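No value in this document is a laboratory result; all are computed from the given coordinates. Everything quoted here is computed from the prediction, not taken from an experiment. All Cβ positions, even for glycine, are placed from backbone atoms using ideal geometry, and neighbour counts span all protein chains on display.
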Amino acid sequence: MTTRVRDNETAHDEPAQPRWGRTTLIVALVALLAIGVTGCGKRGSTGDSSGGDSGGSSGGSGPKVGLVTDLGGLNDRSFNALANKGLEKAKTDLGAQGTVLESKSASDYEKNLGQFAQQKSDLTVGVGFLMGDAMKNVAAKAPDSKFAIVDYPVDQIGSPKNVRGLVFKEQEAGYLAGALAGMVEQDGKLKGLNGAKVVSAIGGQKIPAVERYIAGFQAGVKSTCKGCTVLIDYSQDFIDQSKCQDRANAQIAKKSDIVFQVAGGCGLGALDAAKQKGVWGIVVDADQAYLGPHILTSAVKNVDAGVFDAIKSIKEGTFEGGTDGVYGLAEDGVGIGAIAAPAKSYETKLTTIVEQVKAGKVEIPTEVK
């Protein structure tokens, strides 16, 4: 098992600014405003995780790539941020040129995807299941352009030859996180446990990727903890942290002492509730152990690897549309992140489970029972 770390950012001295005359300044401001209204949502180079109006691609002379985020944006610390990390790696390793458009509403999806197609990007990447219909429409209108979509199997949109799906076996990552949670509950030795053998999960919307995570988690808990109860709820939101915080508080009131969040930015509210109530939290997608000692572990999904592979296929001329790239534990597409220090004693048992899953010896459900 490997622990993921955040790349360090390098600061650069700002160049001296030129002096502007009044007329020149007005003309420049008008030009900037004209550029700002051409796109939908925030636009930024891939090095700018806060979005902004950078207005152009960044990188080398390799493939020209456009990335369209889901509503959580680049600051979600997980799903969209990981997709951007894959684009950043492609810039460094492949010389890719990259631009990001952050969607602020569902109506932005088709416009943002279409904008990159019109600009003749070598590859346009859509991040998220909710972008499926928009991807289908844009790909049909731009048959000569190439696309990839995260978390959406292409057979659900007719397997167009210019679209590649990037899908993950979230159930395997969820299973590992659940198995650890079950071990912890079974022993009952860690601080913060109440002895009730109750854990919980909070999903955003009930979409396939979320369901696979929670189904795997539920099965993992049951595999290592006899008599454990798994509470499940949905916020119907991936952004509003207060909604997940409320649901987590309700679960904690029902004796849950480990909360697994599968709700993007909204899920940060669930983790805050866990911290405030002195219970454990489990994170999804990115390894977020840095959030604090209350994080038991993370169910990791390497979205960055899928995005990087898609861009690499463009550079190498091996892009395969009409089919999916499938990433599971065996492909290092999913896994488990750092384990909290008090729970390190369970790592050896968990490593054995990892090998069993890789070998196909464990049947993991993809739907919540």
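The A359 and Q186 beta-carbon pair, evaluated with R₀ = 35 Å, returns a calculated FRET efficiency of approximately 0.90. Counting charges near G264 (Lys, Arg +1; Asp, Glu -1) among other residues having Cβ under 10 Å from its Cβ returns a value of -3. Note on T323/Y290: beta-carbon distance plugged into 1/(1 + (r/R0)^6) with R0 of 45 Å gives a FRET efficiency of 0.80.
Hey, can you rank 151-163, 111-123 by average C-beta count inside 10 Å, highest first? Walk me through the intermediate numbers first.
Numbers: 151-163: 18.5, 111-123: 20.5.
Descending mean neighbour count gives 111-123, 151-163.
In terms of the Cα gyration tensor, with a ≥ b ≥ c the square roots of its eigenvalues, is the range 298-369 rounded because a/c is under 1.5, prolate because a/b exceeds b/c, or oblate? Prolate is the answer for the range 298-369, as a/c is 1.5 or above and a/b outweighs b/c. In terms of distances greater than 21 angstrom between alpha carbons, the cross-link table entries K89/K344; K64/K91; K197/K243; K85/K243 yield K89/K344; K197/K243; K85/K243. Taking label points 7 Å from Cα along the Cα-to-Cβ direction, A196 and K141 give a separation of 5.1 nm. Net length available on complete extension from T92 to K275 is 62.2 nm, with 0.36 nm assigned per residue and the Cα-Cα distance removed. Karplus-derived 3J(HN,Hα) values for the range 271-276, using 6.51 cos²θ - 1.76 cosθ + 1.60 with θ = phi - 60°, are 5, 5, 4, 4, 4, 5 Hz; glycine and proline are entered as x.
Only aspartates and glutamates eight or more places from K120 in sequence, or on another chain, were considered; those with a Cα closer than 13 Å are D144. Between the amide H of G321 and any residue lying 5 or more places away or on another chain, no distance stays under 5 Å, with hydrogens modeled in the peptide plane. Close amide H partners of A201, meaning residues 5 or more places away or on another chain with modelled amide H under 5 Å apart, are L231, I232, D233, F260.
What's the local net charge at I314, with K and R +1, D and E -1, over the other residues with C-beta under 15 Å away? Display every interim value, and only then the final one.
Numbers: positive: K64, K89, K91, K120, K146, K161, R164, K312, K315; negative: D93, D122, D144, D309, E316, E320.
Its environment carries a net charge of +3.
Along the range 110-120 the Karplus relation, 6.51 cos²θ - 1.76 cosθ + 1.60 evaluated at θ = phi - 60°, assigns HN-Hα couplings of 5, 5, 5, 4, x, 4, 5, 5, 5, 7, 6 Hz to successive residues, with x for each Gly and Pro. Packing-based ranking of 192-199, 171-178, 72-79 yields 171-178, 72-79, 192-199, ordered from highest to lowest mean Cβ neighbour count within 10 Å.
The range 282-330 and the range 198-267 have Cα centres spaced 21 Å apart. A cut-off of 5 Å between modelled amide H atoms, ignoring neighbours fewer than 5 places along the same chain, links G128 with V150.
The residues C228, C266, when put in order of fewest to most other Cβ atoms within 10 Å, stand as C228, C266. Full extension of the chain between A106 and T229 yields a length gain of 40.7 nm, computed as 0.36 nm times the residue separation minus the alpha carbon distance. Here the Karplus curve 6.51 cos²θ - 1.76 cosθ + 1.60, taken at θ = phi - 60°, turns the phi angles of the range 316-327 into couplings of 8, x, 10, 4, 10, x, x, 8, 10, x, 10, 10 Hz, with x standing for Gly and Pro.
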